Amino acid sequence: MTYRIFDAPDLRDWLAQRPDLSERLGGEAADWTIREVSDGNLNTVFLVHGPAGALCCKQALPHVRVAPDWPMPLERALYESRYMRAVAPAVTGLMPELFAYSPDLFLLVMECLTEHEVLRSALIADRVTPGFSAVIGSYIARTVQATGWVSQPFETGAHLLEQFSGNTALTRITVDLILTDPYRVCDRNPEPEAGLREDVKALQTDQVLHRAVGRLQERFLSARQALLHGDLHTGSIMLDGADVRVIDGEFATMGPVGFDCGLYLGNLALHLCAAPHKAAALRAEMLAFWKAFSEDLRSGLQNAGGDQWALSGPAARKELIEGLLSDILRDTAGFCGLEMIRRTVGFAQVADYGLCATEAERLLARQKALQIGRTLVVESASLRSFPDILSLMGL
Ligand code: SR1
Ligand code: MG
């Protein structure tokens, strides 16, 4: 079948011809209910329910969903399917199961997370079960263990580079939206609210900041430590109580591990700026995240390492692991700061600021995010410990 943008009737007909998928739904095609729930910036998503089960179907569009005049290659769906297959064995139960990928339709068919809610919405509505961040810390550690040079023979990394280096369209989005646009005049940046205009101008003329952003851009493009999710914000995570799942791996690329860590923490920190009364709970989440991430990575690397492990006894191995964690910590701080800045002034902003009761409060929250973000970016290279990051956030 050649590609076309599916509507609900197209999807019903297509699923009906796939016994492997229609069996999961049960009954007759006419019994299935299909609901479009597209929510992200890029793709369409349908949830299909039948008498025996449900499926989530995600199709790439030839343009950005929320900006139809911005063309976007369909292959992002292929990279998402590759990402899911590459990390699935390491993160069983932390990601929806991928049932099928159609290379003609650029369509993924996955486990439907019917009871789950997007973490960003759950945070905004105060409906989270504490401890979810430990799961995300473990998730990243496990993906590093499964895909990083530090833990795998070099052939694994070489294969992943070959599989993901073509994901240039989405990497271009990251380079533009996170690593460039907030620091220059650019049509994609929305007009800032009046009170924020001077802050935005300051971002565009701050040479110290620009040099630090350039360093992080270099890290992002050249430190190919492991396979990244590449867009691990609170909208890429769903949860149902303690059941936490990572979704939306279409930005996957080999890159610095601190990128995934930083984006996640950056989104918690943005939530903190919008809802400062939640400081204690968010501090606990951030600590739980880093504890789970660093402990899982340490224990995973203790006994199994990549090629550089061949020459290291226990003491040298410990040194290597701690050195790696220090590099990741600094990258984490920098990318966390970049995420805070771009989600405050760039193309893709966040709903968390809607928690502010007044315009004045919202302005203060945004200014706070820009100030913390800038400090994290500029000072990232000199940070020594995770509490250093928390203290730059005022925690
Ligand atoms: C044009 S895409 C804008 C943003 O949405 C995605 O989720 C990524 O965060 C990207 O930067
Ligand atoms: Mg997404």
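Is there a residue being assigned by TED's automatic domain parsing to the domain that holds residue 242, of a type in the set (Lys, Arg), under 16 Å from the mean Cα position of the chain (by Cα) and part of a helix (DSSP H, G or I) anywhere in segment 121-144? Scanning segment 121-144 turns up at least one residue that is assigned by TED's automatic domain parsing to the domain that holds residue 242, of a type in the set (Lys, Arg), under 16 Å from the mean Cα position of the chain (by Cα) and part of a helix (DSSP H, G or I).
Annotation: of all residues in segment 183-241 being out of contact with any helix residue (DSSP H, G or I) (no Cβ under 6 Å at 6 or more places or on another chain) and within 16 Å of ligand 2 (Cβ to nearest atom), the one that is nearest to residue 251 (Cα to Cα) is 236. Candidates are the residues of segment 191-243 that are touching a Pro at 6+ places or on another chain (Cβ under 9 Å) and basic (Lys, Arg); the one that is surrounded by the most Cβ atoms within 10 Å (Cβ to Cβ) is 219. Residue count for segment 167-187, restricted to those that are surrounded by 14 or more Cβ atoms within 10 Å (Cβ to Cβ) and assigned to a loop (DSSP other than H, G, I, E, B): 5.
Does any residue in segment 112-132 that is of a type in the set (Lys, Arg) come within less than 7 Å, Cβ to Cβ, of a residue that is open to solvent by 50 Å² or more (accessible area, probe 1.4 Å) six or more places away or on a different chain, and which pairs are these? Pairs found: 120/351.
Summed over segment 8-22, residues that are loosely packed, with under 12 Cβ neighbours inside 10 Å and within 32 Å of the chain's Cα centre (by Cα) total 2.
Give segment 314-362 a look and list any residue that's among the polar types (S, T, N, Q), away from ligand 2 (no atom under 16 Å from the Cβ) and open to solvent by 10 Å² or more (accessible area, probe 1.4 Å), or say none. Correct list: 326, 358. Starting from segment 382-393, take each residue that is under 11 Å from residue 265 (Cβ atoms) and surrounded by 11 or more Cβ atoms within 10 Å (Cβ to Cβ) and list its partners that are modelled with pLDDT of 95 or more and small (Gly, Ala, Ser), counting only C-beta distances under 6 angstrom and pairs at least six apart or across chains. From residues that are under 11 Å from residue 265 (Cβ atoms) and surrounded by 11 or more Cβ atoms within 10 Å (Cβ to Cβ), the pairs are 389/333; 393/269. Applying a threshold of 7 Å to beta carbon distances and a minimum spacing of six or more residues, or different chains, the list of pairs starting in segment 312-331 at a residue that is over 24 Å from residue 266 (Cβ atoms) and ending at one that is open to solvent by 40 Å² or more (accessible area, probe 1.4 Å) reads 312/320; 320/308; 321/298.
The values are calculated or read from the model by the stated rules, or taken from the named source; none is laboratory data. No experiment lies behind these values; they were computed from the predicted model shown. Because the Cβ atoms are built from the backbone with ideal geometry, glycine has one as well, and the counts that use them run over all protein chains shown. With ligands, DNA and RNA removed, areas are computed over all heavy atoms of the protein, side chains included. Shrake-Rupley method; radii C 1.70, N 1.55, O 1.52, S 1.80 Å.
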